[in-house]
Amino acid sequence: MLIRSYLYSFAFFSVTAVMAILGAPFALGGHRGVMMVVKSWTWTLIRLHGLITGTRHEYRHLERIPPGGFILASKHQSTFETLALVPLLADPAFILKRELTWIPVFGWWLKLAGNIAIDRGSPTAALRKVIEGTRAAVASGRQVIIFPEGTRAEAGAKPDYKQGIAQIYKSLDVPVVPVAHNAGTVWPRKARVHRRGTIVVEFLDPIPPGLKPRDMFRKLERDIEAACDRLLVEAAARGDDLPATARTRVAELATSEVAARADT
């Protein structure tokens, strides 16, 4: 996996550089041309990830993706989901930190793709911009990808969902589609070496508009975390090479299950 990981890193940056340059003429075709390049880039990187590292990718319940504009709220553990979700959606847009748009060439493409960049140093202004940007994007039929925890967490770590998603939901009359996955077990955050295993991405039942924000927030966290726990247990049963935090969480879940059975 060490050799495979470094080969993939080389492929990742090589493909990114080549497509960023060769795809520039497509930007002249406007948003449609830009998204054609972005989708081709992300699809290529995901395909190469499976081929080079030997990782199997599984996507469940794609039929739960509604048509038109909506909010997609995903668990955030890895670089994987920032790539893999793009080819699955019709016209996705990310909410991302402004500093990413300062990266030469790459940041230019982030801007061209119509992502919503925010200044996290000013929470109130950032939330206002997110709501305005999300409303405009959804109105034009786009799917806005939000990571409710704000930053990547280790697979199995205690969740830390931010209330911003509830405020956005309150301001827009659109469904929220939760997404659970276990990408952090194979492609951990800040890790150069990938681990042996299977990445499963699961689309959960959409949360309809009209709920009280606090009820939506609780349901979102409950549904995503329950599904992520289930995917961790599946990974352990498959014999995947789980990182320490994920193994600890699987052990906790096993203990809880034994205790629940004893109580009954």
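The values are calculated or read from the model by the stated rules, or taken from the named source; none is laboratory data. Because the structure is predicted, anything quoted here is derived from the model rather than measured. Cβ atoms come from the backbone with ideal geometry, glycine included; neighbour counts cover every protein chain shown. The accessibility values were calculated without ligands, DNA or RNA, using every heavy atom of the protein model including side chains. Shrake-Rupley method; radii C 1.70, N 1.55, O 1.52, S 1.80 Å.
The spacing between segment 2-32 and segment 143-212, judged by their C-alpha centroids, is 25 Å.
Of the residues Gly107, Phe12, Pro188, the one whose Cα sits farthest toward the positive end of the charge dipole of the chain, with +1 on the Cβ of Lys and Arg and -1 on the Cβ of Asp and Glu, is Gly107. The phi torsions of segment 64-71, fed into the Karplus equation with coefficients 6.51, -1.76 and 1.60 and a -60° offset, translate into couplings of 7, 6, x, x, x, x, 6, 9 Hz, rounded to whole numbers, with Gly and Pro shown as x.
Between Arg192, Arg142, Arg249, the residue with the greatest mean-square fluctuation in the GNM of the chain (Cα pairs under 10 Å linked by springs) is Arg192.
Using alpha carbon coordinates only, what is the Rg to Rh ratio of segment 168-264, with Rh defined as the Kirkwood radius?
1.06
Here the contact order of the chain, divided by its residue count and restricted to Cα pairs under 8 Å and six or more residues apart, works out to 23 percent. Per residue, the solvent-accessible area of the chain (1.4 Å probe, heavy atoms of protein chains only, all protein chains present) comes to 50 Å². Here the mean projected area of the convex hull built on the C-alpha positions of the chain is 14.8 nm². A simple spin-label model places pseudo-atoms 7 Å from Cα toward Cβ; at Lys158 and Asp173 they are separated by 4.0 nm.
You can think of it this way: the chain between Glu234 and Arg32 has 68.8 nm of extra reach, that is 0.36 nm per residue less the Cα-Cα gap.
Could you give the alpha-carbon Rg of segment 44-100 over 2.2 N^0.38 Å, rounded to two decimals?
Rg over 2.2 N^0.38 Å, computed on Cα atoms: 1.26.
Within the listed set Pro209, Pro87, Pro178, the Gaussian network model of the chain (springs between alpha-carbon atoms below 10 Å) gives the highest mean-square fluctuation for Pro209. The residue among Val37, Ala246, Gly68 whose Cα reaches farthest toward the positive pole of the charge dipole of the chain, with charges on the beta-carbon of Lys, Arg, Asp and Glu, is Val37.
Its residues counted as N, segment 78-163 yields a C-alpha radius of gyration over 2.2 N^0.38 Å of 1.11. Only lysines eight or more places from Lys219 in sequence, or on another chain, were considered; those with a Cα closer than 27 Å are Lys75, Lys97, Lys129, Lys158, Lys162, Lys170.
Each part gets one Cα centre, and for segment 69-103 versus segment 243-262 those centres are 31 Å apart.
How high is the FRET efficiency between Arg222 and Arg98 when r is their beta carbon distance and R₀ equals 30 Å, given to the nearest 0.05? The value I calculate is 0.45. By the helix-only formula, in which each DSSP H run with n ≥ 4 contributes -39500 (n - 2.57) and the sum is divided by residues, the chain has a 222 nm mean residue ellipticity of -16000 deg cm²/dmol. Within the accessible area of segment 166-264, the carbon and sulfur atoms contribute 51%, probe 1.4 Å, all protein chains present. Net charge dipole, the chain: roughly 540 debye, given to the nearest 20, about the Cα centre with Cβ charges of +1 for Lys and Arg and -1 for Asp and Glu.
With the convex hull built on the Cα atoms of segment 100-214, state its orientation-averaged projected area in nm². Don't skip to the answer; put the middle values down first.
Working: hull surface 35.8 nm².
Across all orientations, segment 100-214 yields a mean hull projection of 9.0 nm².
Given +1 at the Cβ of Lys and Arg, -1 at the Cβ of Asp and Glu and no other charges, the dipole of segment 64-186 around its Cα centre is 180 debye to the nearest 20. Taking Gly133, Gly33, Gly156 in turn, the Gaussian network model of the chain (Cα-Cα springs below 10 Å) assigns the largest fluctuation to Gly33.
Give the Rg/Rh ratio for segment 1-91, taking Rg as the radius of gyration of the Cα atoms and Rh as the Kirkwood radius, to two decimals.
On the way: Rg = 14.7 Å, Rh = 14.7 Å.
Result: Rg/Rh = 1.00.
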